[in-house]
1. How many residues does region 61-76 hold that are within 16 Å of V21 (Cβ to Cβ), over 11 Å from the mean Cα position of the chain (by Cα) and at pLDDT 95 or above?
2. Residues in region 45-59 that are small (G, A, S) and at pLDDT 90 or above: how many?
3. Would you confirm, using the coordinates I've provided, whether H37 is in contact with a helix residue (DSSP H, G or I) (Cβ under 7 Å, 6 or more places away or on another chain) and at negative phi?
4. Please work out which residue is surrounded by the most Cβ atoms within 10 Å (Cβ to Cβ), limiting yourself to region 17-44 and to residues that are touching a strand residue (DSSP E or B) at 6+ places or on another chain (Cβ under 9 Å) and within 14 Å of V64 (Cα to Cα).
5. Name the residues in region 40-70 that are in contact with a helix residue (DSSP H, G or I) (Cβ under 7 Å, 6 or more places away or on another chain) and closer than 20 Å to R81 by Cβ, would you?
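The values are calculated or read from the model by the stated rules, or taken from the named source; none is laboratory data. Owing to the predicted nature of the structure, the values given are computational and were not obtained by experimental measurement. Neighbour counts are summed over all protein chains in view; Cβ atoms, including those assigned to glycine, are modelled from backbone coordinates with ideal geometry.
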Amino acid sequence: MPALRHRLTRPGTAEPRDGSVELTCARDGRTHRVDEHAYATGLGSRRETFRAVCGVIVLAGALVTPPGRRCPTCVDIVQLRKDTARYHEK
């Protein structure tokens with residue numbers, strides 16, 4: 001199995017874990033968010049592809065791949081999920 005580059009939170013921040021990992025895609029060079037379930041499914045399939053929250057099929061880059069620009073759609077979706085969760089907590 002190849003080494004995969006992923007993060008549970010943004011480096012250098014205290015952002016809480018939201019149940020997703022960040023993977024840099026070898027195809028588009030962007031860093032996408034992948035839900036833990038989709039990540040586990042991708043690992044189990046041995047295809048080394050993962051469905052990001054934005055719908056893109058991510059071909060994970062190697063561990064040495066530098067992080068790319070964050071996918072704006074993934075960022076928006078994750079933020080919407082956080083905002084919705086906070087709204088329902090009130």
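1. Residues in region 61-76 being within 16 Å of V21 (Cβ to Cβ), over 11 Å from the mean Cα position of the chain (by Cα) and at pLDDT 95 or above: 0 in total.
2. 2
3. It is false that H37 is in contact with a helix residue (DSSP H, G or I) (Cβ under 7 Å, 6 or more places away or on another chain) and at negative phi.
4. L23
5. F50, R51, A52, V53, C54
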